[in-house]
């Protein structure tokens with residue numbers, strides 16, 4: 001890890017830290033904090049800032065702190081269910097893992113829509129056009145709602161067949177069908193929450209998105225054990241209770257986010273005049289989000305292929321893979337917060353016709369992400385057994401979970417730069433470049449390699465784990481090389 005680069009983060013962010021943006025409120029009286037910590041406090045508090053001017057390091061910090069914490073809350077969603085459900089046995093964990101494989105397509109759709117909405121909103125904010133930004137936000141939410149209602153209905157009706165297609169055993173299907181139906185039926189809360197928070201991120205109101213996820217997670221954490229184990233007056237619903245708690249938590253977050261969009265004092269404020277359907281604007285958002293959704297589906301659906309390969313080695317291997325990947329996601333989602341900050345910076349800077357500022361933001365965010373994710377990866381490699389023990393002590397499951405965690409975490413240094421660069425393409429509105437890269441790396445390389453290593457070469461689940469590390473490392477290198485060419489700077493949104 002480049003120690004000099006990591007050590008320079010505080011120095012870089014602290015340059016001219018006492019200089020406020022033109023739109024920032026006057027400094028509060030009282031003791032003066034060091035520049036870095038004053039900015040952290042400002043980021044958590046949230047205030048209207050102009051991210052198209054001022055020191056780049058400080059702008060990244062103000063955006064990244066709430067975005068990292070927001071994604072940390074999203075990662076808690078990913079591990080909360082598994083933490084409690086693991087007490088119900090390997091079949092219950094396998095049911096959650098298979099359902100997550102199915103939901104990966106929904107997450108891909110939600111993230112694709114979020115990418116398109118973020119790019120449009122950020123560009124309009126950079127152009128100093130909040131009216132157009134608000135209109136784009138409403139039309140993006142309308143598209144998200146329509147799609148999610150159709151898919152949610154189909155998910156409820158087809159849940160048994162989908163589990164069977166994923167390779168679920170009769171035992172896993174019996175225990176997990178209710179979980180799958182609730183999660184697929186409630187996918188509107190997933191998609192709407194992603195899109196609503198993408199609006200806040202694109203506008204630079206990252207602290208609002210952070211608070212929305214805090215509340216949604218709090219509801220999920222409180223309800224989860226109550227509904228799974230039947231605590232107090234709550235019914236004992238088993239693994240299905242985890243899905244009910246998660247859906248209620250996300251639904252609460254959606255309601256709060258929509259309310260926040262109507263409040264004054266934000267970069268975006270939705271008013272009644274913005275609620276009129278605008279087919280032309282919807283079509284523009286769909287075109288941009290369409291390629292981003294394909295990009296996400298290609299990447300996320302590849303996880304379905306990997307889960308299908310691991311499932312052939314039994315419930316213990318699948319449960320170990322599920323636990324290991326959940327812990328990995330716990331680290332990658334906060335790291336995605338830094339990537340989202342870079343994407344917002346790129347979109348707003350291009351809107352303000354400052355491409356050099358956009359590029360500088362990407363390289364600096366990449367260094368910050370490398371330092372964060374590299375440190376986390378080292379901890380995962382060293383303390384994998386301890387981390388896994390928080391989820392299971394099953395002697396058949398633990399070795400698979402530890403191996404998955406260590407092998408995948410070994411590539412975190414590459415992932416760090418790759419995540420920032422890929423998301424920056426999206427922030428610029430160039431969604432096709434990462435789409436093509438995802439297809440080549442994940443479908444033409446990763447899945448065939450995983451099968452080759454796992455089955456013909458006899459490596460079992462370890463072959464799948466190795467293919468993940470190699471694929472993400474290659475994606476990072478290819479993305480960086482293409483980014484340096486600079487064609488993304490001329491992309492129109």
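All of the numbers you see were taken from the coordinates with simple rules; none came from a lab. Note that the structure is a prediction, hence the values are computed from the model and not measured. For neighbour counting, all protein chains shown are included, and Cβ atoms are generated from backbone atoms with ideal geometry for every residue, glycine included.
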Between 0 and 90 degrees, rounded to the nearest ten: what's the tilt of helix 412-427 against the longest Cα principal axis of the chain?
60
Modelled FRET efficiency - R0 25 Å, residue 278 with residue 149, Cβ distances, 0.05 increments:
0.80
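Beta carbons within 10 angstrom, averaged per residue: use that to sort the peptides 198-205, 391-398, 468-475, highest first.
By packing density, highest mean first, the sequence is 198-205, 468-475, 391-398.
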What translational diffusion coefficient, in µm²/s and rounded to a whole number, does the Stokes-Einstein relation yield for region 233-347 at 37 °C and a viscosity of 0.692 mPa s, taking the hydrodynamic radius as the Kirkwood radius over Cα pairs?
175
Residue separation times 0.36 nm, minus the C-alpha to C-alpha distance between residue 53 and residue 459: what's the value?
140.9 nm
To test your reading of the geometry: what angle, between 0 and 90 degrees and rounded to tens, separates the Cα axis of helix 315-351 from the longest principal axis of the chain?
10
On Cα atoms only, tilt of 355-382 relative to the major axis of the chain in degrees:
30
Give the peptides 283-295, 148-160 in descending order of average Cβ contacts within 10 Å, highest first.
283-295, 148-160
Could you check how many percent of all C-alpha pairs in the chain are farther apart than 29 Å?
48
Over the Cα atoms of region 212-267, compute the convex hull volume and normalise it per residue, giving Å³.
72
